[in-house]
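So the structure is just underneath, and the comments pick up after that.
Please treat every number below as a calculation from the coordinates, not as lab data. Every value quoted in this text rests on a predicted model; they were computed, and no experiment measured them. Because the Cβ atoms are built from the backbone with ideal geometry, glycine has one as well, and the counts that use them run over all protein chains shown.
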Amino acid sequence: MKRQPVITGLGIVSPIGVGVENFWAAALAGRSGLGTPTLFDSSKLPRECRIVGEVREFDPRQWMPAATVRVASRFSQFAIATGKMCLQDSHLDPAEIAPERFMVSIGTSMSGLVEVEHQYFSFFTLGKQVQPWTVLEYPGHAAASHIAISVGAKGQTASLATACVAGIDAVAWAADKVGRAEATAVLAGATETPLAPGSIEAFRALGALSSWSGPPAEASRPFDKLRSGLVLAEGAATVAVEDEEGARTRGAHIYARILGVGNVTEGVDMRNVDATGKPAAHAMNLALEKAGLTPDHVDYVCAHGNSLVDYDASETAAIKLVFGNRSWSIPVSSIKSMCGQALAASGAMQIVASCLAIRDDVVPPTINYQVRDPLCDLDYVPNTSRSARVRNVLIHAQSIGGSHVAMILGAPS
């Protein structure tokens, strides 16, 4: 018999806060985490490269031994920290779980590439010795492996590389394992640390970065007519997934039930997105169908909203296709307005935010929304959070190559 997967623990490291309650307080206050980089000198870079979403208050020593800090890249450190956060929050005891039924799934777009490339650069240009840990941090699988080692999980570890949808895909993988009774518990999410001159310049070369010339905090402005591109960011988020019956038996707090997931791919272009929104709408409808719900059951849309002109317009069109006349009365918001675009980690952050929206019956805002765009004319919860009855949330993410994923989270019954 198929089991109902639920989320019982949350962990997050973000540009607006480290830890769930710090993140949530900042999100509801509409606080921006965007600013000038401190991880590297950006003074000689083009203007578009001087605004990032950087995690500024992270101390890895709070979450792992000094020996691990020395050999784990920032990308892996974020993963370890959020994994331990959500394990603590869920009150799961690894000693009470059969080790082979305790699993990990983590998504990423760029893995530890930034720090690995730094090692190579130092080797080729300065003749410095490459550190022994370098090859261990190159694979995207490093983060999932680090989490498994740190919590004693000995079941399957999975790493997903589906770009910006990988965070949600990783949680969907976990839900499937739990639903099939192949796992007792899974720590699932995503981690990204893409902030370095080379990677940021690559995004600028693609024409994807915001050209905003005003205050850095206002550069990410999803759905606003003045939006001009995304702000690259870093971060991580992990959730604990287990079956509802087991969670209730042990008296766990349940944040949300994972009700349905829909995945589609446009299969047309690597960069451009279907302006009609039909593929995204297809993913949303698939998720609703699997959840056994209709659009009328959705109380909030946690949008991808990355501040790219075409992506935001396409996502808005998709919402209109799915919800019809209800489109203008459903709250839609993007936490990327505050956190920036943390690639795969953004989707996992959306799941954390959605769980908290259900818990507290409140919708986080889309900040920097000032000028209405005729193509983006929905209720984006502009600038100020809003109290609302939130029982079911539709989460949407999309990535290069035209991949779309939608997930439906429902309040615990």
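What to note about this one:
- One compactness figure for the stretch 326-410 is 1.08, namely its Cα radius of gyration divided by 2.2 N^0.38 Å.
- Per residue, the average separation of C-alpha pairs within less than 8 Å and at least 6 apart gives the stretch 307-413 a relative contact order of 27 percent.
- Inter-part distance where the stretch 341-413 and the stretch 27-71 are each reduced to a Cα centre, Å: 23 Å
- Beyond 39 Å, the tail of the calculated P(r) for the chain holds 12 percent of the Cα pairs.
- Most fluctuating residue given options I400, I106, I168, as computed from a GNM of the chain linking Cα atoms under 10 Å: I400
- Lysines with Cα under 17 Å of K84, excluding same-chain neighbours fewer than 8 positions away: K154
- Ellipticity at 222 nm from helices only: DSSP H runs of n ≥ 4 in the chain, each -39500 (n - 2.57), divided by the residue count, give -9500 deg cm²/dmol.
- Principal axis extents of the C-alpha atoms in the stretch 208-312 (largest first, rounded to whole Å): 54, 31, 26.
- Note on K225: lysines with a C-alpha under 28 Å away, same-chain residues under 8 apart excluded, are K278, K320, K336.
- GNM flexibility winner over the chain from V298, V52, V186 (Cα, springs under 10 Å): V298
- Largest-first ellipsoid semi-axes for the stretch 26-154, taking √(5λ) over the Cα gyration tensor eigenvalues, angstrom: 30, 22, 12
- Taking only the alpha carbons of the stretch 186-235, we obtain Rg and Dmax values of 13.0, 43 Å in that order.
- Stokes-Einstein diffusion for the stretch 7-249 at 20 °C, viscosity 1.002 mPa s, with a Kirkwood radius from C-alpha pairs, works out to 114 µm²/s.
- Derived value for the stretch 260-410: Kirkwood hydrodynamic radius 15.0 Å. Basis is the mean of 1/r over every pair of different alpha-carbon atoms.
- Computed with the Debye formula from one identical point scatterer per Cα of the stretch 121-223, without solvent, the log10 of I(q)/I(0) at q = 0.14, 0.17 Å⁻¹ comes to -0.82, -0.98.
- Against the rule of thumb 2.2 N^0.38 Å, how large the Cα Rg of the stretch 1-79 comes out: 1.43
- Footprinting exposure proxy for L160, L34 (fewest neighbouring C-beta atoms within 10 Å first): L160, L34
- Of the residues A163, A98, A283, the one that moves most in a GNM of the chain with alpha-carbon contacts below 10 Å is A98.
- If both residues of a DSSP beta bridge must be in the chain, then about 70% of such bridges are antiparallel.
- Over the chain, Cα pairs under 8 Å with separation of 6+ residues give a relative contact order of 23 percent.
- For K290, the lysines whose Cα comes closer than 17 Å to its Cα, not counting residues fewer than 8 places off in the same chain, are K2, K177.
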